[in-house]
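The next block holds one structure in the form of C-alpha cells; read it before the comments.
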Amino acid sequence: MNDIKLSRSSLRETELPVYPGIALADVSLVASDEQAEAALMALMGAEVIGFDTESKPTFLKGEESTGPHLVQLATETRAFLFPISWTPGHAVLKTILESPVVLKIGFGLGNDRTVLRSRLGIDVKNLTDMGEVLRGPGHRGTVGAKVAVAHFFGQKLQKHKRIGTSNWASRRLTSQQLLYAANDAQVALRVYRAWRETREIQEAQGETLDPPSQGFD
C-alpha cells in the first residue's frame, strides 16, 4: 500500500505516475459463441472477478436510460466485454453473474443490480462495491476508483469524460472505449486484491485494523 493519503479534491493537483492499466491485446469483445465459451471458462474458473457496466448517456430532460449497453468482467489478466445488443451472450452473463461462488467486485455500482434484473432478468449474486467497503463510518459518499488507485498504488487512474460519456450502444466501439471499459472492471479487482493483502498483513502482525476509510477523506 502506498503511504499517500489523498482527498478527492486534492487528487487532481497531485503529481503521480499514470496507472498503466490493461493492454488492448488482453481485452476481448464477446460477440461470438466461441468467444462467449472462452469467457465463461476463464471467468467461472476465478474466485473473484472485476465487474462494471457502461450505458449510453442521456441528454434530454426526462429521457430514460436504455442501459446498460455493455457489461465488463475481468480476471487478473483478461477483460471480457459483453455488448448487450448481442443477445446470445445474455445466457453466459446470467450464468456468471448469478453464480454464488464467484465474487464480483466493482466501484460505484449504484443501480447496476436493479437494471440488470429489470432489463435482462439477471439477479446478480455475491456482489461487492469497493467504494462502499473503503468508505468506512462517518462518510456519506463512496470512495471512487481514482482515489483508491492513488492510495494503494501511488498512481493516477486516468478516466477521460469524453470517453466515459461516449456512445456505448455503438456496434463499433473504439480502442479507447474498449480500454476504458476494461480498466473500469479490472481496476476494481486489483484494488480489492491490494486491500485484502493490506488487511491480511495487519492481521498477521497482530495490529489493530485501520478503519477502511483511512486515507479517503
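The values are calculated or read from the model by the stated rules, or taken from the named source; none is laboratory data. Here the structure is a predicted model, which means the values were calculated and not measured. FYI the Cβ positions are ideal-geometry reconstructions off the backbone, even for glycines, and counts take in every protein chain you see.
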*Is it the case that Ala169 is without any contact (Cβ under 8 Å) to a residue 60 or more places away in the chain and small (Gly, Ala, Ser)?*
no
*Would you be able to tell me the number of residues in the range 15-44 that are part of a loop (DSSP other than H, G, I, E, B) and under 19 Å from Val187 (Cα atoms)?*
7
_Looking at Gly45, Gly21, Gly50, Gly62, can you tell me which residue is out of contact with any His (no Cβ under 6 Å at 6 or more places or on another chain), at positive phi and at pLDDT 95 or above?_
Gly21
*Just name the residue that is modelled with the lowest pLDDT out of those in the range 171-217 that are under 18 Å from Met130 (Cβ atoms) and of a type in the set (Lys, Arg).*
Arg199
*asked:* Looking only at residues that are of a type in the set (Asp, Glu) and surrounded by fewer than 19 Cβ atoms within 10 Å (Cβ to Cβ) in the range 32-54, which one is nearest to Thr128 (Cα to Cα)?
replied: Glu47
*Residues located in the range 72-94, provided they are of a type in the set (Val, Ile, Thr) and either in a loop (DSSP other than H, G, I, E, B) or without any contact (Cβ under 8 Å) to a residue 24 or more places away in the chain (or both)*: Thr75, Thr77, Ile84, Thr87
*Is there a residue being without any contact (Cβ under 8 Å) to a residue 60 or more places away in the chain, touching a Pro at 6+ places or on another chain (Cβ under 8 Å) and not acidic (Asp, Glu) anywhere in the range 120-139?*
yes
*Out of all the residues in the range 101-112, which are surrounded by fewer than 17 Cβ atoms within 10 Å (Cβ to Cβ) and either over 13 Å from Glu54 (Cα atoms) or at pLDDT 95 or above (or both)?*
Val101
*When you go through (1) in contact with a strand residue (DSSP E or B) (Cβ under 8 Å, 6 or more places away or on another chain); (2) modelled with pLDDT of 95 or more one by one for Asp123, which number turns out not to apply?*
(1)
